[in-house]
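Engineer: Dropping the structure in here first, questions after.
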Amino acid sequence: MKKVLALVMVLAVMLPVMASANIATQMQGEAYEMEVYHTESYPLQASYDLANGLEEKPTWVGNRYYNGDGSYAYGWKLINGDWYYFDPATGVKVTNKWIGSDASGWYYLMNNGKMAKSTWVGDYYVNKNGKWIPNYGKSVEGWKHNGKGYWYDNGVGGYYTGWHKISAGPDGAPAGWYYFNDAGYMLRNTWVGGYYVGNDGLMYASTTQTIAGHVYQFDAIGRVIAVDGSKPTGQYDQIMSRGDEPDSTRHYIYNGTRTVGWYMEDNGDWYYYNATGDLLKNQWVGEYYVGPDGKMWVNSWVGGYYVGSNGKMLKNTWMQLGGYWYFFKADGTLKKNAWEGNYYLGADGKMLTNTWVGQYYVGADGKWVP
């Protein structure tokens, strides 16, 4: 009898320690930004369960999970390769609900309680680790706003950068040209090259405005044509060939000074002039491409890359071209012979549909059919 009592006392001390070690082992090496709750031991509950047929091994008990060590699961729990989340107060499996925070990330528990991975949850995409990826793939084109400012969703999982002519501005601002920085946010009250964007983000055109104590007059396409009433005295808006370099042109604007950098013509075409004022041709200028006439290309293939409606190389985004969907990687190259989420890109970069990919089948929309 004394030996039995000693064994019971040893188990009472060891079970909580074993439970804690079990949780630490499960979470070790997992790349999840999750808040992990402790697993509590309830010897009386365990004794009751054992008396009612529960074996001393992990098992489901309705919508709760028995750890097999005298405790039930609370919070996140990895079970047979799938993550589940159990209510921290009741231990009941959570279903059909987002769990997480803006700081740690958001994760979705499906109808069966398993955490969703590499799939769409409505209009939101979660990656292979189950974490929601903002602005991925599906999106609705239009103006968006957060604490940092306005940005414009391009409708294919990305956002505008650089200059864009938009049919309507934010908060009722009129149609016109708007400029977005590399992070995608619209600029206000600042010069962008030789153009100025006002408080609503709209580029000034056909107007006279006072900026930093000086009165500027802007023409119909946003160029400065007078400052404090002084008109240009040199060559204005004249493209002229250089006799010594016939394949090069220089562009002159205000007071005969050369254009340097990007310049937009009256018809909306963009050209790039280097530091000496020479027009660049047949080359990349950052993430933009200028053709044999110096004009920036838009909506075009450039070798294995594609430039969109604003001329910028597509990166890390889906795009439908010629009736086929493609995915462009972070370096702008096409993804090929690989899965992107639940979709497969073939040898030519086109998304496959209605076919087998190994042991997996993708449907008419290209999505893997479980």
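Engineer: Listed residues Asn146, Asn111; which is modelled with pLDDT of 85 or more and under 15 Å from the mean Cα position of the chain (by Cα)? Walk me through it before giving the result.
Structural biologist: Details: Asn111 fails: under 15 Å from the mean Cα position of the chain (by Cα).
Going through Asn146, Asn111 in turn, the sole match is Asn146.
Engineer: Check Asn267, Asn310 and return the single one that is in a loop (DSSP other than H, G, I, E, B), buried (at least 18 other Cβ atoms within 10 Å of the Cβ) and not β-branched (Val, Ile, Thr). Break it down into steps so the answer makes sense when it comes.
Structural biologist: Working: Asn267 fails: buried (at least 18 other Cβ atoms within 10 Å of the Cβ).
Unique residue meeting the criteria: Asn310.
Engineer: Another question, if that's okay. Hey, can you tell me all the residues within segment 337-370 that are assigned to a loop (DSSP other than H, G, I, E, B) and within 24 Å of Tyr306 (Cα to Cα)?
Structural biologist: Going residue by residue through segment 337-370, those that are assigned to a loop (DSSP other than H, G, I, E, B) are 337, 341-342, 346-350, 352-354, 358-359, 363-366, 370.
Residues satisfying the conditions are Asn337, Gly341, Asn342, Gly346, Ala347, Asp348, Gly349, Lys350, Leu352, Thr353, Asp365, Gly366.
Engineer: Just for segment 192-227: of the residues that are of a type in the set (A, V, I, L, M, F, W, C) and open to solvent by 40 Å² or more (accessible area, probe 1.4 Å), which one is nearest to Asp269 (Cα to Cα)? Quick ask: steps written out before the conclusion?
Structural biologist: Going through segment 192-227, the residues of a type in the set (A, V, I, L, M, F, W, C) turn out to be 192, 197, 202-203, 205, 211-212, 215, 218, 220-221, 224-227.
If we keep only those that are open to solvent by 40 Å² or more (accessible area, probe 1.4 Å) too, we end up with 212, 215, 220.
Working: Ala212: 30, Val215: 28, Ala220: 15 Å.
Out of the qualifying residues, it is Ala220.
Engineer: Still on this structure, please answer the following. One residue is enough: does segment 300-315 have a residue meeting the conditions over 24 Å from the mean Cα position of the chain (by Cα) and closer than 20 Å to Gly268 by Cβ? Lay out the reasoning, then the answer.
Structural biologist: Going residue by residue through segment 300-315, those that are over 24 Å from the mean Cα position of the chain (by Cα) are 303.
Next, only the ones that are closer than 20 Å to Gly268 by Cβ stay: none.
No: segment 300-315 contains no residue that is over 24 Å from the mean Cα position of the chain (by Cα) and closer than 20 Å to Gly268 by Cβ.
Engineer: How many residues are open to solvent by 30 Å² or more (accessible area, probe 1.4 Å), within 26 Å of His214 (Cα to Cα) and at pLDDT 90 or above if we restrict to segment 176-191?
Structural biologist: Pass one, segment 176-191, residues open to solvent by 30 Å² or more (accessible area, probe 1.4 Å): 177, 179, 181-183, 185, 187-191.
Then keep just the ones that are within 26 Å of His214 (Cα to Cα); that gives 177, 179, 181, 187-191.
Then keep just the ones that are at pLDDT 90 or above; that gives 177, 179, 181, 187-190.
Matching residues across segment 176-191 total 7.
Engineer: On to the next question. Count, please, the residues in segment 110-130 that happen to be in a strand (DSSP E or B) and surrounded by 21 or more Cβ atoms within 10 Å (Cβ to Cβ). Full working, then the answer.
Structural biologist: Just the residues of segment 110-130 that are in a strand (DSSP E or B), to begin with: 115, 119-121, 124-126.
Checking the rest, the ones that are also surrounded by 21 or more Cβ atoms within 10 Å (Cβ to Cβ) come to 115, 125-126.
Number satisfying all stated conditions: 3.
Engineer: Being under 28 Å from Arg223 (Cα atoms), without any contact (Cβ under 8 Å) to a residue 40 or more places away in the chain and open to solvent by less than 40 Å² (accessible area, probe 1.4 Å): is that true of Leu321 here?
Structural biologist: On the way: under 28 Å from Arg223 (Cα atoms): no; without any contact (Cβ under 8 Å) to a residue 40 or more places away in the chain: yes; open to solvent by less than 40 Å² (accessible area, probe 1.4 Å): yes.
It is false that Leu321 is under 28 Å from Arg223 (Cα atoms), without any contact (Cβ under 8 Å) to a residue 40 or more places away in the chain and open to solvent by less than 40 Å² (accessible area, probe 1.4 Å).
Engineer: Conditions: (1) assigned to a loop (DSSP other than H, G, I, E, B); (2) surrounded by 13 or more Cβ atoms within 10 Å (Cβ to Cβ). Tyr84 meets all but one. Number of the miss?
Structural biologist: So the condition that Tyr84 fails would be (1).
Engineer: Suppose we filter segment 95-109 for residues that are part of a strand (DSSP E or B) and open to solvent by 30 Å² or more (accessible area, probe 1.4 Å); how many remain?
Structural biologist: Taking segment 95-109 first, the residues part of a strand (DSSP E or B) are 97-101, 105-109.
Then drop every residue that is not open to solvent by 30 Å² or more (accessible area, probe 1.4 Å), which leaves 97-98, 100-101, 106, 108.
Here the count works out to 6.
Engineer: Among the residues of segment 151-159, is any open to solvent by less than 40 Å² (accessible area, probe 1.4 Å), farther than 30 Å from Ser101 by Cα and not β-branched (Val, Ile, Thr)? Spell out how you get there, then give the answer.
Structural biologist: Of the residues in segment 151-159, the ones open to solvent by less than 40 Å² (accessible area, probe 1.4 Å) are 151-153, 155-158.
Subsequent filtering for residues that are farther than 30 Å from Ser101 by Cα retains none.
No, every residue in segment 151-159 fails to be open to solvent by less than 40 Å² (accessible area, probe 1.4 Å), farther than 30 Å from Ser101 by Cα and not β-branched (Val, Ile, Thr).
Engineer: Now a separate question. Within segment 340-367, how many residues are without any contact (Cβ under 8 Å) to a residue 24 or more places away in the chain and farther than 16 Å from Gly158 by Cβ?
Structural biologist: Of the residues in segment 340-367, the ones without any contact (Cβ under 8 Å) to a residue 24 or more places away in the chain are 340, 345-349, 352-365.
Those still in the list that are farther than 16 Å from Gly158 by Cβ too: 345-349, 352-365.
Selection size over segment 340-367: 19.
The values are calculated or read from the model by the stated rules, or taken from the named source; none is laboratory data. These numbers come from a predicted model, not from an experiment. All Cβ positions, even for glycine, are placed from backbone atoms using ideal geometry, and neighbour counts span all protein chains on display. Heavy atoms of the whole protein, side chains included, go into the accessibility calculation; ligands, DNA and RNA do not. Shrake-Rupley method; radii C 1.70, N 1.55, O 1.52, S 1.80 Å.
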